[in-house]
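Reviewing the structure listed below.
The values are calculated or read from the model by the stated rules, or taken from the named source; none is laboratory data. Fair warning: this is a prediction, and the values are worked out from it, not measured in the lab. FYI the Cβ positions are ideal-geometry reconstructions off the backbone, even for glycines, and counts take in every protein chain you see. What goes into the accessible areas is simple: the full protein's heavy atoms, side chains included, and nothing from ligands, DNA or RNA. Shrake-Rupley method; radii C 1.70, N 1.55, O 1.52, S 1.80 Å.
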Amino acid sequence: MAGVGTSKEAAIIGAGAWGKVFASLMVQAGTKVSVWARNSRSFQGLDSSCFASTDLHRVLTGQSVLVMALPSAAVRQVASRLALPKDVTVVSLSKGLEAETNLFMADVLADALRIDRSQVVVVSGPNLSAEIAEGQPAGAVAACSDLARAQQVCPLFSTPLFRPYLSTDVIGAEVGGVVKNVIAVAVGAAAGMGYQTNTRSMLITRGLAEMARFGKALGADEATFLGLAGVGDLVATCSSAKSRNFTFGFNMGSGMAREQAFKVSAGVVEGARSAKAVITIARARGIEMPITEAVAKVVFEGGSIADMGEYLMGRSRKMDGVDIKLV
Ligand SMILES: NC(=O)c1ccc[n+]([C@@H]2O[C@H](COP(=O)([O-])OP(=O)(O)OC[C@H]3O[C@@H](n4cnc5c(N)ncnc54)[C@H](O)[C@@H]3O)[C@@H](O)[C@H]2O)c1
Ligand SMILES: O=P(O)(O)OC[C@H](O)CO
């Protein structure tokens, strides 16, 4: 089998919230799992069946499947240190853009690991790790331009409670995972400012239109945004206090300073970082993304949270019809 050995075995790079829960899923799927983290403290709470080490060589030896479970900001730095077989299959779990290059993770991985983009399987969907850790059912899209490769790797993490759905729309899966985080910051901010269900639903719906416009311009299949990696993940992330992106926005909306909101976050806030890269691409291509603009203004361009509320709600009162194309 191309890039996936006959034994069920894989290495995971990164033991944060998602890396550890994904490791448990793999163990439940009958996969032998080796996990690398830069610090052994990260292994606290890791499934005891996993082999855990801070030594990359020990974790990677003999592996033909690699799961990257790092924040997007760390992916290139760590990936460029990895020695892997030529036909390795890389499962990418990160939902962010590289800030310096505005590249999506499949491109960063292909570049840093010197592999073909068709060797990267992007797994993205409504996957709040705390709920999956509790054994609640969930699903995700597993997208790869080489469908056979995605099909071969999915059994390594498919369980009765975690269902991967195959797709060839890699850019669509990546756009969904990136943009939903940005929209969740805005919805969280609106919630923190006291806006309730109708307002949040409006932002989620307009956020979906924004995601689809952006994705379509980058070559994604619009249908992807009606699936788990699109509206599925958008709704989960924008509706849950378990989401770091929603909570970051909520804290800012409640009056917390940006630096403090980063400081108190339970983990990486990908949406706050990605807003800059998304809006840079959108502005360059003339893609209208007002919610992302508002988030970028507050997070990177010195705008105040009060301005964000005014900008978002003031704009929505115009009822210009453009943003509700997808409903
Ligand atoms: N947590 C979730 O529910 C969830 C679900 C789906 C996808 N994701 C995505 O998975 C990715 C990882 O998220 P997470 O929740 O595991 O993050 P996290 O913040 O919980 O953990 C990140 C881990 O990466 C390590 N790390 C950071 N920089 C590093 C570096 N330069 N070198 C080595 N290690 C480094 C940290 O020490 C930490 O252990 C993100 O892109 C996130 O959007 C998360
Ligand atoms: O906690 P968040 O906001 O990073 O979201 C986690 C997952 O991406 C939800 O699918």
Gain on full stretching of the segment that runs from Ser80 to Arg285 - 0.36 nm per residue minus C-alpha separation: 70.8 nm
The range 132-213: GluC sites (Glu not before Pro) falling in loop per DSSP and having at most 11 other Cβ within 10 Å: Glu134
Selection of trypsin sites (Lys or Arg not before Pro), the range 62-117, meeting DSSP coil and at most 16 other Cβ within 10 Å: Arg81, Lys86, Arg114
Dipole magnitude (debye, nearest 20) for the chain, charges at Cβ of Lys, Arg, Asp, Glu: 360 debye
Per-q log10 I(q)/I(0), the chain, q = 0.08, 0.10, 0.15 Å⁻¹ (Debye; single scatterer per alpha-carbon; no solvent): -0.34, -0.53, -1.18
5 angstrom amide H check on Ala140, placed H, neighbours 5+ away: Arg163, Tyr165
Helical segments meeting 18 Å axial Cα length and Kyte-Doolittle -0.5 threshold in the chain (DSSP H): 170-192, 197-217, 270-285
Heavy-atom accessible surface of the range 103-155: percent carbon and sulfur, 1.4 Å: 47 percent
Hits among lysines - C-alpha to C-alpha of Lys95 under 27 Å, sequence gap 8 or more where chains match: Lys8, Lys20, Lys32, Lys86, Lys180, Lys216, Lys242, Lys263, Lys276, Lys297, Lys325
At 1.306 mPa s and 10 °C, Stokes D of the range 9-168 from Kirkwood alpha-carbon radius, µm² per second: 103 µm²/s
Built amide H within the under 5 Å cut-off of Gly303, gap 5+: Val298
Over the chain, relative contact order from alpha-carbon pairs under 8 Å, at least 6 apart, %: 15 percent
